[in-house]
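Asks: Encoded as structure tokens, here's the structure I'll be asking about.
The values are calculated or read from the model by the stated rules, or taken from the named source; none is laboratory data. Since the model is a prediction, treat every value here as computed from it, not as a measurement. Cβ atoms come from the backbone with ideal geometry, glycine included; neighbour counts cover every protein chain shown.
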Amino acid sequence: MPDIDKLHTVIIGAGAVGGYVGAHLARANFDITFVDAWPEHVEQIRGKGVRVSGTQGDYTLPVKALHLAEVQQLVKTPVDIAIIATKSFDTAWSARLIRDYLAPDGFVVSMQNSINEYRIAAVVGWSRTVGCVLNTIGVSTVGPGHLTRHRTPGGDEHPVFRIGEVHGRVTPRAQRLAAMLRHVDGSMVTANLWGERWSKLATNAMQMGILGATGLCNEEIIGDAPTRRLIIGAAAESVQVARAHGFDMEPIVYEELDCWLRAAQGDAASVQTVEAALFKYLARQTESGRKGHGSLGRDILAGRRSEIDAVNGMIADKADELGIAAPIHRGLTTIVRRIERGELTPGKANILGLIEGTARKKKEDSACLI
């Protein structure tokens, strides 16, 4: 494989995550090509460059950009690293799109929400599949050709990029990818890709479904005590499902898993601990981030398809496989699907039944602890 600075990296899905990461890599003189389905976005980047703003500065620079229909041009410049940064429901076709343009040692990286490595491997093979968990970057699309970051960088203390091989071994290609991504923010190689994936999935699922169901913003759902109980209950369900499937999850927003379980059962000290973690997590965002709705909430408010099936829905489905109850995740998935179909409108009233159910369960669990 060529030296790291000579690798040709193609980013499929140059939206918030892909565009922001790719812009920083291009600024560090890596060979980057964007591939995107949004014509105005591609044309803006071609004509005026890609602009990134927010917590890491504000600058504009040129980056190569292709429409989906122009991907055949990659036959001239084989792809060493293909980063898929699309929505989860676009994973399979994205992998198929890029497969024939991979270099002999080329590989595909999932830089997405949810757990999509198995979808990619079904197209390109497990040996060409690498995972990259983002924990947590906090970016959004402002408009065509403009991406912004509203979360402060994690640096070496809280590495954002967790690169892992599906087999858990540390490999030279994983180390190379981690070295590249340090030009964006803190990066590390993990031997526990699946545990990192489940931790990120739990972090997303305890917020995203609520944001989509209610139309509320980040600071509103964390600032409201009843909704915080629902967040804690969702985190606990995720832990229970992951453990039942045998995954060794990493901490959720830097708090140990058992603390989330105890908090969901009503342990006062644990509630205080995880609530402090949530407020600290919120404080690492800019004002626009705190008042934002997350990617799933933005999609719902814009009338677009959301990733609910790949986030809360995935946890609910995994619970069903083992006969485990996950009423919060199943309930949020059902609510958001109904909103997508136009049967409901976003509002806090949609989750009142789930909040009441969480309060009842907490009371029952607390009684069992006495």
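Asks: Residues in region 86-97: is at least one of a type in the set (Phe, Trp, Tyr) and in contact (Cβ under 8 Å) with a residue 40 or more places away in the chain?
Replies: Yes - at least one qualifying residue is present in region 86-97.
Asks: Before we move on, is Trp194 surrounded by 23 or more Cβ atoms within 10 Å (Cβ to Cβ), in contact (Cβ under 8 Å) with a residue 24 or more places away in the chain, of a type in the set (Phe, Trp, Tyr) and not in a loop (DSSP other than H, G, I, E, B)?
Replies: no
Asks: Here is a further query. How about region 116-127: which of its residues are surrounded by 22 or more Cβ atoms within 10 Å (Cβ to Cβ) and not in a helix (DSSP H, G or I)?
Replies: Hit for region 116-127 is Asn116, nothing else.
Asks: Determine which member of the set Gly47, Gly57, Gly22 is closer than 26 Å to Arg128 by Cβ and small (Gly, Ala, Ser).
Replies: Gly22
One line per residue, one yes/no per condition, for (1) over 25 Å from Gly289 (Cβ atoms); (2) crowded, with 21+ Cβ neighbours inside 10 Å; (3) touching a Ser or Thr at 6+ places or on another chain (Cβ under 8 Å):
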| position | (1), (2), (3) |
| --- | --- |
| Asp3 | yes, no, no |
| His8 | yes, no, yes |
| Arg27 | no, no, no |
| Pro39 | yes, no, no |
| Arg46 | yes, no, no |
| Pro78 | yes, no, no |
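Asks: If Ala359 passes every condition in (1) crowded, with 16+ Cβ neighbours inside 10 Å; (2) of a type outside the set (Ser, Thr, Tyr); (3) at pLDDT below 95; (4) touching a helix residue (DSSP H, G or I) at 6+ places or on another chain (Cβ under 7 Å) but one, which one does it miss?
Replies: (1) is the only condition that Ala359 fails.
Asks: Another question, if that's okay. Yes or no: region 112-120 includes at least one residue that is at pLDDT 95 or above, over 26 Å from Asp156 (Cα atoms), of a type outside the set (A, V, I, L, M) and more than 19 Å from the chain's Cα centre (by Cα).
Replies: Within region 112-120, none of the residues are at pLDDT 95 or above, over 26 Å from Asp156 (Cα atoms), of a type outside the set (A, V, I, L, M) and more than 19 Å from the chain's Cα centre (by Cα).
Asks: Another one. Being closer than 20 Å to Phe34 by Cα, over 14 Å from the mean Cα position of the chain (by Cα) and not assigned by TED's automatic domain parsing to the domain that holds Ala326: is that true of Gly143 here?
Replies: Yes.
Asks: How many residues are among the basic types (Lys, Arg) and under 15 Å from Thr141 (Cα atoms) if we restrict to region 36-68?
Replies: The total comes to 1.
Asks: Conditions first: (1) in the same structural domain as Gly297 (by TED's automatic domain parsing); (2) within 24 Å of Val52 (Cα to Cα). Ala264 passes all but one, so which condition is the exception?
Replies: With respect to (1) in the same structural domain as Gly297 (by TED's automatic domain parsing); (2) within 24 Å of Val52 (Cα to Cα), Ala264 is out only on (2).
Asks: Considering only region 72-108, state which residues are among the charged types (D, E, K, R) and more than 17 Å from the chain's Cα centre (by Cα).
Replies: Lys76, Asp80, Arg96, Arg99, Asp100, Asp105
Asks: Which residues, counting only those in region 214-227, are buried (at least 19 other Cβ atoms within 10 Å of the Cβ) and in a helix (DSSP H, G or I)?
Replies: Correct list: Thr214, Asn218, Ile221, Ile222, Thr227.
Asks: Select from region 13-63 the residues that are farther than 18 Å from Ile98 by Cβ and in contact with an Asp or Glu (Cβ under 6 Å, 6 or more places away or on another chain) and list them in ascending order.
Replies: Passing the criteria: none in range.
Asks: Could you check, for region 159-176, whether at least one of its residues is outside the structural domain of Glu255 (by TED's automatic domain parsing), in contact (Cβ under 8 Å) with a residue 60 or more places away in the chain and not in a helix (DSSP H, G or I)?
Replies: No: region 159-176 contains no residue that is outside the structural domain of Glu255 (by TED's automatic domain parsing), in contact (Cβ under 8 Å) with a residue 60 or more places away in the chain and not in a helix (DSSP H, G or I).
Asks: Residues that are in contact with a Gly (Cβ under 8 Å, 6 or more places away or on another chain): which helices (runs of 4 or more DSSP H) entirely in region 13-99 hold 1 or more of them? I'd like the intermediate steps shown before the answer.
Replies: Details: elements: 16-27, 39-48, 91-99.
Here the list reads 39-48, 91-99.
Asks: Only one residue in Leu301, Leu278 is farther than 22 Å from Ala244 by Cα, surrounded by fewer than 16 Cβ atoms within 10 Å (Cβ to Cβ) and under 19 Å from the mean Cα position of the chain (by Cα). Which one?
Replies: Details: Leu278 fails: surrounded by fewer than 16 Cβ atoms within 10 Å (Cβ to Cβ).
Going through Leu301, Leu278 in turn, just one is farther than 22 Å from Ala244 by Cα, surrounded by fewer than 16 Cβ atoms within 10 Å (Cβ to Cβ) and under 19 Å from the mean Cα position of the chain (by Cα): Leu301.
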